[in-house]
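A.B. asks: Right, I'll just put the structure down here and ask away after.
The values are calculated or read from the model by the stated rules, or taken from the named source; none is laboratory data. What you see is a predicted model; the values in this text were computed from it and never measured. Every residue, glycine as well, gets a Cβ built from its backbone with ideal geometry; the counts of neighbours run over all protein chains shown.
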Amino acid sequence: MYDELRALRGKADAARRKAGLRPLSQDETERILCKAPYLVADFRGQRLSDWLAEDFSKTKTPSANSLAAVFALARVWSEEAGVTAPAERYWADLLEAAQPDRTAKSRARTEPEPAGGPAHSLIDDYIAAAVRAAREHPYPGVLPGNTPPLTEVYVRQRVRAGAARSRPAGPGKLAGPVSGLVGEGASWTSMPPPRRVSGRMSAEEILDSDRICVVVGTPGGGKTSLFRTHLIRAVEARKAGELETSLPILVSAAALSGKPLAAALAEAVTAELGSFGLLEKLPDDLFKECPYEDVPWLVMVDGLDEITDTASRRNLLAALDQISDGSRGRQYRFVIATRPLPEWELAVLGAQAPVYELEPFTWSDLNRVSADWFRVLGLENPDRVAERFASAVRRTRVFGLARTPLMAALLCQLHGANPDAPLPASRGEIYRKYVEQLTRRMQSADMSGIQAQVRAGLERYGDEALGEGWRTLERLPELISWSAAEMHGGCSASILDIFSGLPGAACPKRVPAGVWREYLQSLLLRSGLIILRSGELSFFHQTVGEFLAATHATRSASASLESLATLFGRKRRVPLVERILTRRVTPPPEVDTSFTGFVLDQCGEVQDAVAGCLLRLVDRGGLAGCGFIAVLLRLGTNVPRSVVLAMARKLMDLVWVLGSTLNSAPPRRARGVVRTDQEQFENAFLALRLLASIGAEDALDRLRSIARDDDLHPAVRARAAEAVVDLDVDVAVAVGLLDELARNKSIGSRMRATLAARVESLDPDHVSRLLVDLARDTTLAGRERVASVMTLRGLEAALASELFAELALDTRMSGYSRVWSAGVLAGAGEARGIELLDRLARAIDVPIYVREEAVRALVKHGGSKADSVLSRLASDHSVDPHVGIRAGGALAERGDKDALKELERIAMQRMSDHNLRIGAVEMLAAMGEYNPMDLLESLVRDTTLDNNGRLRVLEIMLEAGGRRGVDAVKTLVDDRSLGDRARVFAAGLQGSIDKPTAVRLLLGFIGDRSVAGGARADAAELLAQLLLGESVRLSDAVDVRMHTAEDFRVDPVGNMDLDRVTIIDLIDDLSRDRRVSRADRGRAFNVLRRFYLWRR
């Protein structure tokens, strides 16, 4: 408990210092906790300093019933630190474990077994076997004996945070505008909203931080390799002394589905590691507790998408989320890897579980990993070969795919086996050549071994059995593809069961079934396509199974046509009347795009049919149809050139239709793309992204023409210029277009600044001139001019300082921008920044809010110079008096006793404006060294203050805490000179410190017919809020602490001699009282309905 709270406070303090703020003091923290939404008024006789004393021996453990205060404190510091606070259950466990009177039995349950015990011995055995398994490269080598350890050819990957998630309505609903490039496995009828650009980070960071998270990657994107290498690194870190590192377990999602977690982990790990030296079955109990003291298991769940049933996937996610958020949350952390899935599936985890996207290799990464491969494969001068290889890859259709670990491994092996051969032109061709190489390896180098195996296993059963064995071997590639097709079609049997049931692999009559199955299994393993994983045969990668299934689906021209009809629907003539009346837009097929891409790559005999299917999708599928084909292109699919050009024309048309400033409404050409005006520009932006991604021959010219088209909306033009960067063109070309638009005065200020920022990322040397011109461009908004100089500051600090001074004196700039410019100089320690702020603070020709902002900056940076300006502002009667009060408060905070007395005088001056008096009170109450209770107690009884003023004083008293606030509540409730509604609100405030008393008072108001009807209805609503946890804010001046309905079920009114029926009867009488207005009776009836619904 102590360590967790101290670490969290350290993060909060560091975050505030980074933002230029001082850490929160103990008093400030306690004041925050007393306010909404925390409203913790009671620390059970302790203070925060008792919980986190610098001297650990003086630390006091929070009492067992102070969970609300502990959790509120964790929430405050988490918000300051910008992190997600662990669930309340987590802090409840920490609090329970920290109690000094915990029983010996509960201690024994949580204390770890001493090192060297049986459990630790099993953990050591697990670690040794897991590391051996993780070091093995997941993809077989096409050259005998040349598959290297994974760590020798692995380059660390990066991730970026995905978009913030909401909970979509459910499957089949559009969660937002159609988004094209959402990932290869995403459903086209349930797409997530467009992604936001987020900071990138090392993939290892997320594996060491989040309680539960999801890693999304494309097929072959490196998810499994990331998990394997992290397991090795984590074990090495523990050996190096980093004892707090979580201990990883790599397990498939299918192994966890529908089973208790500990039992599933024990079973899966034992099965997986049995062939890597694990000597005995791991018991379930090993995974029910932390492996080491305060060290959780890091459960790395691989292949969530490989669970084909949607409900099973969601159930598994819900189970893992419940475990991580429950009492076992400290023992497990979860990282879940998957291909892209529809947003509504991942929403089961809620917004607190971040989703990270694995980034592809950079080109330097590709050079490194290919050089490592060529070095292992024994090529001469591997670095030079890697450079030539990377250059060759960039000229092919698969240049994007090569930046994923799987495709890089396959391409490097193919190139290493035959360096003079041209690289494959599509993803399907890569897999075809790879499978051919594996088959050739088996048939050449390993043929003598197979012959010996066939004879040894089958010769004793006669020539017929031997002949069947040879025939099965000859048809092995065909039969494996057939088995893959059966599995892809939904067959739940194992590969071996499917394979043995196919014609050509049936067991000969005289051969025992067990012997024949052993023979078939040995053939499958020798193929290199299938491996033994967790005791079961499986393809070494999911995409290999998809490729082989597609190979079977396209085994002939007729089979290819049938597969296309299954995937894209059969062609039919749509009558003209139906097209006019229904205006139907054909949605893209809801199929696995990875498998579909493999099918299209292998339909060489029916290319015209492929082009026809895709052209119909372009013509009738709208933006979603184009997006589907764009994903196929990203996969490296061989899409016909005619389809790519047709897509380019269609997307250009959509951009001009959707992005034009001349159209008041989207014309018919945009049907199926835009349902509301709000989606118009979003879909225009998406069309631009798709246009840049498809690699059309004239894409650069098309984007240039869009960027320079004055009839298009400036935002669309700016996005077109940014999209040029994605075309992999010469940097100078992209920079030139971005510079041109950034200087174009017909485009909005913010867009121009954004374009300049993109120039900086591409060419820092060029951007300096552009930023100087933008800073001096008077047509730009002031904030963008200052922002340009802020960017320039990192490149040319001296020039930026001169420009800041220039902008601070520019009267054409907004006041805030001028203060911002001067404040940057002052913050950098430049004296002229202080002088400029002083001049702005004293200037009588600028608005008062600008002067006040300059004063704030002076207080922060100006030292003693701020005092004179504050004094002048506080005594200037020509300005808004509230500004003078705030200036006086700042002076008083800095030790000016005259300012303090002036604030007290204003607060007590009965003839002054009520708002001014309350403003002075708030200034005084916010001062750390000032005790305002005497003043507050006097003011809460002051009848010359209006009702709202006295209620506000009461709120301040309650925030400060103590008995005097409780007495003040009673004073106001009993004060008949106060309006009825104000008395009711005061009673509601009582609920934050004394719930039973508040309930009594509110019930008294509800039943008192002498009280105004509106006030009685207010009392009913406040009562519902107190007892049922209803989130109803009745007044801007009142925010009563919420409680859960569980409070009411257990002890509704704090042991009061009052039952629920009495409460309901009182509210029912109010709802029927004809002396009360109809509107207030309706409010009472709504409260009554809440109580009845609760009872059910």
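A.B. asks: Filter the stretch 922-945 down to the residues that are within 10 Å of ILE956 (Cβ to Cβ) and under 43 Å from the mean Cα position of the chain (by Cα) and list them by number.
C.D. replies: Selection gives GLU922, LEU924, ALA925, ALA926.
A.B. asks: Can you tell which of LEU900, LEU958 is aliphatic (A, V, I, L, M), out of contact with any strand residue (DSSP E or B) (no Cβ under 9 Å at 6 or more places or on another chain), assigned by TED's automatic domain parsing to the domain that holds GLY1004 and in a helix (DSSP H, G or I)?
C.D. replies: Numbers: LEU900 fails: assigned by TED's automatic domain parsing to the domain that holds GLY1004.
Just one listed residue meets the conditions, LEU958.
A.B. asks: In this structure, does SER801 turn out to be out of contact with any Cys (no Cβ under 7 Å at 6 or more places or on another chain), in contact (Cβ under 8 Å) with a residue 24 or more places away in the chain, farther than 25 Å from MET652 by Cβ and small (Gly, Ala, Ser)? Step through it out loud before you land on a result.
C.D. replies: On the way: out of contact with any Cys (no Cβ under 7 Å at 6 or more places or on another chain): yes; in contact (Cβ under 8 Å) with a residue 24 or more places away in the chain: yes; farther than 25 Å from MET652 by Cβ: yes; small (Gly, Ala, Ser): yes.
Yes.
A.B. asks: Does the stretch 367-388 contain at least one residue that is under 26 Å from ASP592 (Cα atoms) and either surrounded by fewer than 21 Cβ atoms within 10 Å (Cβ to Cβ) or in the same structural domain as ALA264 (by TED's automatic domain parsing) (or both)?
C.D. replies: Going residue by residue through the stretch 367-388, those that are under 26 Å from ASP592 (Cα atoms) are none.
Scanning the stretch 367-388, I find no residue that is under 26 Å from ASP592 (Cα atoms) and either surrounded by fewer than 21 Cβ atoms within 10 Å (Cβ to Cβ) or in the same structural domain as ALA264 (by TED's automatic domain parsing) (or both), so the answer is no.
A.B. asks: From the set of residues in the stretch 523-569 that are part of a helix (DSSP H, G or I) and aromatic (Phe, Trp, Tyr), which is surrounded by the fewest Cβ atoms within 10 Å (Cβ to Cβ)?
C.D. replies: The initial filter retains those residues of the stretch 523-569 that are part of a helix (DSSP H, G or I), namely 523-526, 542-553, 557-568.
Imposing the further condition that a residue be aromatic (Phe, Trp, Tyr) reduces the set to 547, 568.
Working: PHE547: 28, PHE568: 21.
The selected residue is PHE568.
A.B. asks: Right, something else. Of all residues in the stretch 969-1007, which are of a type outside the set (S, T, N, Q), in contact (Cβ under 8 Å) with a residue 40 or more places away in the chain and not in a helix (DSSP H, G or I)?
C.D. replies: Within the stretch 969-1007, GLY991, ILE993 qualify.
A.B. asks: Give the stretch 333-348 a look and list any residue that's within 23 Å of PHE287 (Cα to Cα) and crowded, with 23+ Cβ neighbours inside 10 Å, or say none.
C.D. replies: Just the residues of the stretch 333-348 that are within 23 Å of PHE287 (Cα to Cα), to begin with: 333-337.
Across the stretch 333-348, the qualifying residues are PHE334, VAL335, ILE336, ALA337.
A.B. asks: All but one of (1) in contact with a helix residue (DSSP H, G or I) (Cβ under 6 Å, 6 or more places away or on another chain); (2) in a helix (DSSP H, G or I); (3) in contact (Cβ under 8 Å) with a residue 40 or more places away in the chain hold for ASN948; state the number of the condition that does not hold.
C.D. replies: It is condition (1) that ASN948 fails.
Yes or no, residue by residue, for (1) within 22 Å of ALA720 (Cβ to Cβ); (2) modelled with pLDDT of 80 or more:
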site	(1), (2)
THR637	no, yes
ALA646	yes, yes
SER660	yes, no
ALA665	no, no
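A.B. asks: Against the condition of a type in the set (A, V, I, L, M), assigned by TED's automatic domain parsing to the domain that holds ARG313, surrounded by fewer than 19 Cβ atoms within 10 Å (Cβ to Cβ) and more than 31 Å from the chain's Cα centre (by Cα), how does LEU279 come out, does it pass?
C.D. replies: On the way: of a type in the set (A, V, I, L, M): yes; assigned by TED's automatic domain parsing to the domain that holds ARG313: yes; surrounded by fewer than 19 Cβ atoms within 10 Å (Cβ to Cβ): yes; more than 31 Å from the chain's Cα centre (by Cα): yes.
Here the answer is yes, as LEU279 does meet what is asked.
A.B. asks: Sort out which residues of the stretch 919-951 are under 22 Å from ILE32 (Cα atoms) and among the acidic types (Asp, Glu), and write them in order of number.
C.D. replies: GLU922, GLU929, ASP934, GLU937 - these are the residues of the stretch 919-951 that are under 22 Å from ILE32 (Cα atoms) and among the acidic types (Asp, Glu).
A.B. asks: Could you grab me the full set of residues in the stretch 505-522 that are over 50 Å from the mean Cα position of the chain (by Cα) and either under 20 Å from ALA549 (Cβ atoms) or in a loop (DSSP other than H, G, I, E, B) (or both)?
C.D. replies: ALA506, CYS507, PRO508, LYS509, ARG510, VAL511, PRO512
Conditions tested, residue by residue: (1) within 29 Å of PHE540 (Cα to Cα); (2) in contact with a helix residue (DSSP H, G or I) (Cβ under 8 Å, 6 or more places away or on another chain).
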position: VAL295; (1), (2): no, no
position: THR308; (1), (2): yes, no
position: SER312; (1), (2): yes, no
position: ASN315; (1), (2): yes, no
position: ALA319; (1), (2): yes, yes
position: ILE336; (1), (2): yes, yes
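A.B. asks: Looking at LEU623, LEU617, LEU651, which is the one that is under 33 Å from the mean Cα position of the chain (by Cα), aliphatic (A, V, I, L, M), over 27 Å from ALA715 (Cα atoms) and part of a helix (DSSP H, G or I)? Give the derivation first.
C.D. replies: Working: LEU623 fails: over 27 Å from ALA715 (Cα atoms); LEU651 fails: over 27 Å from ALA715 (Cα atoms).
Step by step, each of LEU623, LEU617, LEU651 is checked, and only LEU617 is under 33 Å from the mean Cα position of the chain (by Cα), aliphatic (A, V, I, L, M), over 27 Å from ALA715 (Cα atoms) and part of a helix (DSSP H, G or I).
A.B. asks: Within the set of pairs 6+ apart or on separate chains, which have a first residue in the stretch 601-614 that is in contact (Cβ under 8 Å) with a residue 60 or more places away in the chain, a second that is of a type in the set (Ser, Thr, Tyr), and C-beta atoms under 8 Å apart?
C.D. replies: What qualifies is ASP601/SER426; ASP601/THR637; GLN602/THR551; GLN602/THR554; GLN602/SER560.
A.B. asks: Given the conditions (1) part of a helix (DSSP H, G or I); (2) touching a residue at least 60 places away in the same chain (Cβ under 8 Å), which single one is not true for ALA263?
C.D. replies: If we test ALA263 against (1) part of a helix (DSSP H, G or I); (2) touching a residue at least 60 places away in the same chain (Cβ under 8 Å), just (2) comes out false.
A.B. asks: Does any residue of the stretch 301-315 turn out to be touching a residue at least 12 places away in the same chain (Cβ under 8 Å) and on the phi > 0 side of the Ramachandran plot?
C.D. replies: In the first step, residues of the stretch 301-315 are kept if they are touching a residue at least 12 places away in the same chain (Cβ under 8 Å); the result is 301-308, 310, 312-315.
Remaining after also requiring on the phi > 0 side of the Ramachandran plot: 303.
Among the residues of the stretch 301-315, at least one is touching a residue at least 12 places away in the same chain (Cβ under 8 Å) and on the phi > 0 side of the Ramachandran plot, which makes the answer yes.
A.B. asks: Continuing with the same structure: Return the pairs, sorted by first residue and then second, in which the second residue is surrounded by 16 or more Cβ atoms within 10 Å (Cβ to Cβ) and among the hydroxyl-bearing types (Ser, Thr, Tyr), the first residue lies in the stretch 492-506 and is under 19 Å from ALA465 (Cβ atoms), the beta carbons are less than 7 Å apart, and the residues are 6+ apart or on different chains.
C.D. replies: PHE499/SER483; LEU502/SER483; GLY504/THR472; ALA505/THR472
A.B. asks: Looking only at the stretch 800-831, count how many residues are assigned to a helix (DSSP H, G or I) and crowded, with 16+ Cβ neighbours inside 10 Å.
C.D. replies: Applying the first criterion (assigned to a helix (DSSP H, G or I)) to the stretch 800-831 yields 800-808, 815-827, 831.
Then drop every residue that is not crowded, with 16+ Cβ neighbours inside 10 Å, which leaves 800-801, 803-805, 807-808, 815-826.
Here the count works out to 19.
A.B. asks: Right, something else. Contact list please: Cβ distance under 7 Å, first residue in the stretch 1008-1037 and assigned by TED's automatic domain parsing to the domain that holds ILE1063, second residue of a type in the set (Gly, Ala, Ser) and modelled with pLDDT under 80, pairs at least six apart or on different chains.
C.D. replies: Listed by first residue and then by second, the contacts come to LEU1026/GLY991; LEU1028/ALA1045; GLY1029/ALA1045.
A.B. asks: Working only within the stretch 763-799, note down all residues that are in a helix (DSSP H, G or I) and hydroxyl-bearing (Ser, Thr, Tyr). Write out each step before concluding.
C.D. replies: Start the filter on the stretch 763-799 by keeping residues that are in a helix (DSSP H, G or I), which leaves 764-775, 782-793, 797-799.
Once the filter is applied, which keeps residues that are in a helix (DSSP H, G or I) and hydroxyl-bearing (Ser, Thr, Tyr), the stretch 763-799 yields SER768, SER788, THR791.
A.B. asks: Which of the residues belonging to the stretch 297-337 are more than 14 Å from ILE212 (Cα to Cα) and of a type in the set (S, T, N, Q)?
C.D. replies: THR308, THR310, SER312, ASN315, SER327
A.B. asks: Right, here's the next one. Does the stretch 970-981 include one or more residues that are among the polar types (S, T, N, Q), closer than 25 Å to LEU1028 by Cβ and in contact with a helix residue (DSSP H, G or I) (Cβ under 7 Å, 6 or more places away or on another chain)?
C.D. replies: no
A.B. asks: So, one more: Consider TYR292 carefully, then state whether it is hydroxyl-bearing (Ser, Thr, Tyr) and over 27 Å from the mean Cα position of the chain (by Cα). Give the derivation first.
C.D. replies: On the way: hydroxyl-bearing (Ser, Thr, Tyr): yes; over 27 Å from the mean Cα position of the chain (by Cα): yes.
Considered against the rule, which asks whether it is hydroxyl-bearing (Ser, Thr, Tyr) and over 27 Å from the mean Cα position of the chain (by Cα), TYR292 comes out as yes.
A.B. asks: For the stretch 761-799, which residues satisfy the criterion of being over 22 Å from GLY833 (Cα atoms), of a type in the set (Val, Ile, Thr) and surrounded by 17 or more Cβ atoms within 10 Å (Cβ to Cβ)?
C.D. replies: VAL767
A.B. asks: Still on this structure: Farther than 16 Å from THR637 by Cβ, among the basic types (Lys, Arg) and either in a helix (DSSP H, G or I) or in contact (Cβ under 8 Å) with a residue 60 or more places away in the chain (or both), is that true of ARG397? Before the answer, list the steps.
C.D. replies: Working: farther than 16 Å from THR637 by Cβ: no; among the basic types (Lys, Arg): yes; either in a helix (DSSP H, G or I) or in contact (Cβ under 8 Å) with a residue 60 or more places away in the chain (or both): yes.
No; evaluated as a whole, the condition is false for this residue.
A.B. asks: Can you go through LEU250, LEU279, LEU243, LEU231 and tell me which one is out of contact with any Phe, Trp or Tyr (no Cβ under 9 Å at 6 or more places or on another chain) and either part of a helix (DSSP H, G or I) or closer than 21 Å to GLN331 by Cα (or both)? Before you say what the answer is, go through the steps one by one.
C.D. replies: Numbers: LEU250 fails: out of contact with any Phe, Trp or Tyr (no Cβ under 9 Å at 6 or more places or on another chain); LEU279 fails: either part of a helix (DSSP H, G or I) or closer than 21 Å to GLN331 by Cα (or both); LEU243 fails: out of contact with any Phe, Trp or Tyr (no Cβ under 9 Å at 6 or more places or on another chain).
Sole residue among the options that is out of contact with any Phe, Trp or Tyr (no Cβ under 9 Å at 6 or more places or on another chain) and either part of a helix (DSSP H, G or I) or closer than 21 Å to GLN331 by Cα (or both): LEU231.
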